[in-house]
Amino acid sequence: MTLGVGGSTVEVELNKLSDMTKNINSISKNEFKDRINKAQRLMKQQNINVMYLDAGTNLYYFTGLKWYKSERLVGAILPAQGELEFIAPYFEEGSLRDHMLIQGHFNGWHEHESPYALFAEILNNMGISSGNVAIDESTAFFVFDGLRKAAPNFNYINSADVTALCRQIKSKSEIALMQCAKNMTIEVHKAAARILHPGITTLEVTQFINEAHKRVGASGSSFCIVLFGLATSFPHGVKDPQILKDNDWVLIDTGCLLNGYNSDITRTYAYGEASLEQRAAWQVEKDAQINAFNEAKLNSPCGNVDDGARKILESQGYGPDYQLPGLPHRTGHGCGLDIHEWPYLVKGTETKLATGMVFSNEPMLVIPGKFGIRLEDHFYMDDNGPVWFTTPSHSIDDPFGLEA
């Protein structure tokens, strides 16, 4: 039997878990102000007059205001020089001010009024009548369409050249939050492995993982993929739940949110005995993940990391490129307030690896019609190179390194 897999119960494992967030620190108000200052410097360099931040992670990253996207426009207008201007329905003013961290002028619109006309009016009141307006890249098209029709004299551009350049470099505070979140998730992974038994369903494991994440201090699982047997060969799963059997192959990919920051870890192992084919493929996957990590060198292109994983896979007869059996997707992605964000570890990406960048490392190996293996851990770049947040899976017989 695989070490650390099976032999316990849901009740026992939940009772072992406790809050792991007691000593964490939130992002400070001064850090949010620094983010705004950096964005404004970049805007001036790029000749951007104003940037619209839509409800979502960009709005939170720069202003500290957490708000959900809906059919009603809620956001903030950041000029290249000057103070924030918030825009939202009048009836949300009290709630918005309650959530507001960085203060700014509130601009409200009633339900029968156009928020887009109000946007144009705000720019006019700022003394901005023409030039470049950067639109949050996550903005829904209907919002963008309304803005450009209400203020057609501006040149609208993608804000990613500002937002991505800011967000892809994490501060020590952000890395500390993600370290804690990933510590939480790896403990949940260990607990989830221990509750497995023949007859348990993927839905039951998912429910356990969600509750376990709450026990360690998260609001719950931000996502959860649990796959058994053949379903593990589908990178993001299948529509129907599975029931665990003896000697089944198991893939669990999950993460949680801590103060808005994501964890994202995957483990693959056997419930019982792995076949010779699974053993050989598992080791190739691990070697590919390690070689990708070793290729993460400061000032080298992000694409080199993807190349490093594929080099190992192709040397063992997998691929080439995205061909199966092999690796059907990129090796990794940036991670922070969004589970997938810039930059990406994908072939041809010339963005240079820099101190403060955070990535997943998950060069999944898919054997169609049989099984898949994904070993996923994250790393960040410090002044000396890559650093693991969590220790990679130890071996196929001891995936959590219990006897390492």
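Data overview
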{"quantity": "Looking only at the range 193-206, and only at residues there that are closer than 20 Å to Gly217 by Cα and touching a strand residue (DSSP E or B) at 6+ places or on another chain (Cβ under 6 Å), the one that is least open to solvent (accessible area, probe 1.4 Å)", "calculated": "Val205"}
{"quantity": "Residue within the range 329-348 that is of a type in the set (S, T, N, Q), modelled with pLDDT of 95 or more and open to solvent by less than 60 Å² (accessible area, probe 1.4 Å) present", "calculated": "yes"}
{"quantity": "Residue match in the range 109-121 (condition: open to solvent by 60 Å² or more (accessible area, probe 1.4 Å) and small (Gly, Ala, Ser))", "calculated": "no"}
{"quantity": "Exclusive hit being modelled with pLDDT of 95 or more, acidic (Asp, Glu) and exposed (fewer than 14 other Cβ atoms within 10 Å of the Cβ), set Glu85, Glu92, Glu71", "calculated": "Glu71"}
{"quantity": "Condition broken by Thr268, with the remaining ones in (1) over 18 Å from the mean Cα position of the chain (by Cα); (2) surrounded by fewer than 22 Cβ atoms within 10 Å (Cβ to Cβ); (3) of a type in the set (Val, Ile, Thr); (4) closer than 30 Å to Val5 by Cα satisfied", "calculated": "(2)"}
{"quantity": "Matching residues in the range 199-230 - criterion: being touching a helix residue (DSSP H, G or I) at 6+ places or on another chain (Cβ under 8 Å) and within 23 Å of Pro325 (Cβ to Cβ)", "calculated": "Val226, Leu227, Phe228"}
{"quantity": "Qualifying residue in the range 181-192 (condition: at pLDDT 95 or above, more than 30 Å from Leu3 (Cβ to Cβ) and touching a strand residue (DSSP E or B) at 6+ places or on another chain (Cβ under 6 Å))", "calculated": "no"}
{"quantity": "Selection status of Leu78, out of contact with any helix residue (DSSP H, G or I) (no Cβ under 8 Å at 6 or more places or on another chain), crowded, with 18+ Cβ neighbours inside 10 Å, under 27 Å from Glu111 (Cβ atoms) and not hydroxyl-bearing (Ser, Thr, Tyr)", "calculated": "no"}
{"quantity": "Leading residue by the ranking (surrounded by the most Cβ atoms within 10 Å (Cβ to Cβ)) among those in the range 37-56 that are assigned to a helix (DSSP H, G or I) and touching a helix residue (DSSP H, G or I) at 6+ places or on another chain (Cβ under 8 Å)", "calculated": "Ala39"}
{"quantity": "Filtered residue count, the range 356-372, keeping only those that are assigned to a loop (DSSP other than H, G, I, E, B), under 19 Å from Arg267 (Cβ atoms) and open to solvent by less than 10 Å² (accessible area, probe 1.4 Å)", "calculated": "2"}
{"quantity": "Condition met for Met1 (of a type in the set (A, V, I, L, M, F, W, C) and surrounded by 15 or more Cβ atoms within 10 Å (Cβ to Cβ))", "calculated": "no"}
{"quantity": "Odd one out for Phe379, checked against (1) in contact with a Leu (Cβ under 8 Å, 6 or more places away or on another chain); (2) under 18 Å from Gln289 (Cβ atoms)", "calculated": "(1)"}
{"quantity": "The one condition in (1) more than 19 Å from Val143 (Cα to Cα); (2) open to solvent by less than 80 Å² (accessible area, probe 1.4 Å) that His105 fails to fulfil", "calculated": "(2)"}
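Yes or no, residue by residue, for (1) open to solvent by less than 10 Å² (accessible area, probe 1.4 Å); (2) of a type in the set (S, T, N, Q); (3) in contact (Cβ under 8 Å) with a residue 60 or more places away in the chain:
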residue: Leu230; (1), (2), (3): no, no, yes
residue: Lys239; (1), (2), (3): no, no, no
residue: Asp264; (1), (2), (3): yes, no, yes
residue: Glu277; (1), (2), (3): no, no, yes
residue: Gln283; (1), (2), (3): no, yes, yes
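The values are calculated or read from the model by the stated rules, or taken from the named source; none is laboratory data. None of these values were measured; they are calculated from a predicted model. As a convention, Cβ positions derive from the backbone with ideal geometry for all residues, glycine included, and neighbour counts pool all protein chains shown. Note: accessible area is taken over every heavy atom of the protein model, side chains too, but ligands, DNA and RNA are not part of it. Shrake-Rupley method; radii C 1.70, N 1.55, O 1.52, S 1.80 Å.
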